[in-house]
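Engineer: I am attaching a structure below and will ask some questions about it afterwards.
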Amino acid sequence: MVCVKSDVQCTRLHSYETNDLEAMWLLCRETRMPRCLSHILIGAVYHPPNANHHTMLTYIIDCLDQLSKDHPNLGITLLGDFNRLPEATLKSFPLRQVVKTSTRGSAILDKIFTNMFDWYSSPITLAAVGKSDHFPVLMSASDKQHKKTGSDVVVYRRLCDNNRKTLLAHAFRQYNWSTLYRMDSCDDMLTHFYEVATEFVDYYLPKCPFKRHTSDKPWVNDKFRQLIRCRQYAYQTGDVVKYRRLRNAVQRLARQLRSRYYTRNVEQLRSSDPHKWWQNVKRFIGNKSSTHHPLSALANSDYSGDFQRLAADINNTFANISSDLTPLNNSYLQKLHEEDYNADFIIDPHEVHQKLTQIKVHKSAGPDAIPNWVLKEMAPFIAEPICAIFNASIRQGHVPFFWKQANVAPVPKIKIPKDLHSDLRPISLTPTLAKILESFVGHWMLDKIYDQIDSQQFGAVRGRSTTHALTSMLHLWSEALDRGDSVRVLFVDIYKSI
């Protein structure tokens, strides 16, 4: 039973209740709520001592998940007699268990899980009522001031509306690439291409500053921000009719954006990647995202917080990984003759165009800083000069120096890295055009050696995958067991990955 004051606007959520479990859900919303809270959810739960923990936890998480989706910035208070129900799952939602004193004998059975602990004082236990062996728990509202969290930040983003894209496409289509075609060196050709492309992109799609707030929800976009500004202006100027119309439009758009974000980024992760699901749920319901840098522990322990020295040592460590490898001997190129460059090793513009249209635009650009969506959408106008650079590079047996560069990110192998040599993995982001040229050369090489590849090799071979490797392995084990032989397996983990 839950008792609520008669003047509190509260709704009982019957649709979330079930006959198999003892739980009740109440949703409260006052006329004026703090900006950081849209609703307050009260969940009253009784979990018998010998009941199934998994069933209760799954039920609670499902209810909290759905209610958080329907009401972002939801304040949650989950209370009741939980007995031996494990707390880890509820704390990960994230909720905090705030009852610290025993409520029955020397045990804490009556608990309160909440994400509004800053708004309430620490709970206290009172004298038992009547013959009850449970002590009542009182949690009162706190009178301390709540400061506005977050700060304004300025981010730079390219303007890329349809009109600007059309002007950019027109500029690429009208440009005369004859200067590039007359160059002898593929390095000069690439430099000229990047100069032209960068000039056009910066002119037609300039980077402009945009004001953001660190506490903005992940589903908020520019259209929503503009609508909020218009609504506030109508309110300040006293235009009541326009204000109400814009207020309703803001509410409709907010519901659409929240639902779209949850469906696209959160809903499917629970079964595939629980860790990412928790992270997105925390952002979605308005919890503060951690600003803790993954390498801060390493910087503080070994470098006194100096990230510059840490970055220098990381660069040296990654560079030394391949320092013992002998550089390729360019004298081998002198043994190649003109007849070695036959029609099989000439790339056609339509092949480059096809590769450009298959670029995944959500991936980051490399050191050239040319957005991938520019390469993809401008493919009809830039395929020919890029094709000329590819053919010059193959004909000269030389990869342009710029395409050998990469943005290297140190990704921790463990949650808190402690050693540069064993706990960090270098992830290289190379230029997109270099990857496309590499795909052409790799395809040619694989065609030449495909017949010589072992039939039991499943990596880096077209039409084969880890599924085939597992099937083959299980088949060999089963055959050995059928013959009465034994099976011995040795698993090897490469200590240093490159």
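Just so it is clear, none of the values below were taken in a lab; they were calculated from the coordinates. Worth saying up front: this structure is predicted, and the values here are computed from it rather than measured. Positions of Cβ are backbone-derived with ideal geometry, glycine not excepted, and every protein chain shown enters the neighbour counts.
Engineer: Mean separation of Cα pairs under 8 Å and 6+ residues apart, divided by the residue count of the chain: what relative contact order is that in percent?
Structural biologist: Computed over the chain, the figure is 10 percent.
Engineer: In whole Å, what is the distance between the alpha-carbon centres of the range 195-229 and the range 25-92?
Structural biologist: 37
Engineer: Does the range 10-138 come out rounded, prolate or oblate, given a ≥ b ≥ c as the square roots of the eigenvalues of its C-alpha gyration tensor, rounded meaning a/c under 1.5 and, failing that, prolate meaning a/b above b/c?
Structural biologist: Note, shape of the range 10-138 comes out oblate.
Engineer: List the relative contact order of the range 296-450 as a percent without decimals, with contacts defined as Cα pairs under 8 Å and 6+ residues apart.
Structural biologist: Values: 125 pairs, mean separation 35.4, N = 155.
Reported relative contact order: 23 percent.
Engineer: Also, I was wondering about something else. If packing is taken as the average count of other Cβ atoms within 10 Å, what order do 129-141, 22-34 fall into, highest mean first?
Structural biologist: 22-34, 129-141
Engineer: Counting DSSP beta bridges with both partners in the chain, what percentage is antiparallel, nearest 5?
Structural biologist: Antiparallel bridges make up about 80 percent of those DSSP assigns within the chain.
Engineer: Going Cα to Cα from Lys5, which aspartates and glutamates come in below 20 Å? Please leave out same-chain ones fewer than 8 positions away.
Structural biologist: Of all the aspartates and glutamates, those that pass the test against Lys5 - Cα under 20 Å, at least 8 places apart if same chain - are Glu30.
Engineer: Give me the aspartates and glutamates in straight-line cross-link reach of Lys207: C-alpha distance below 15 Å, same-chain residues under 8 apart excluded.
Structural biologist: Within the straight-line limit of under 15 Å, Lys207 reaches these aspartates and glutamates: Asp161, Glu199.
Engineer: Then there's this: What is the gain in length, in nm to one decimal, between Arg244 and Ser478 on full extension, counting 0.36 nm per residue of separation less the C-alpha to C-alpha distance?
Structural biologist: Values: separation 234, 0.36 × 234 = 84.24 nm, distance 7.17 nm.
Length gained, Arg244 through Ser478: 77.1 nm.
Engineer: In the range 1-129, what percentage of the DSSP-assigned beta bridges are antiparallel, given to the nearest 5?
Structural biologist: Close to 70 percent.
Engineer: On to the next question. Can you spot the aspartates and glutamates whose alpha carbon is less than 18 Å from Lys131's alpha carbon? Ignore those fewer than 8 places along the same chain.
Structural biologist: Answer for Lys131, where 18 Å is the Cα cut-off: Asp81, Asp110, listed by chain and number.
Engineer: Quick one: Karplus J couplings for the range 389-394, per residue in order, coefficients 6.51, -1.76, 1.60, θ = phi - 60°, nearest Hz, x for Gly and Pro?
Structural biologist: So the J values, rounded to whole Hz, are 5, 4, 5, 5, 5, 5.
Engineer: Here is the link list: Lys69/Lys100; Lys165/Lys363; Lys165/Lys360; Lys217/Lys363. Which ones come out longer than 26 Å on Cα distance?
Structural biologist: Lys69/Lys100
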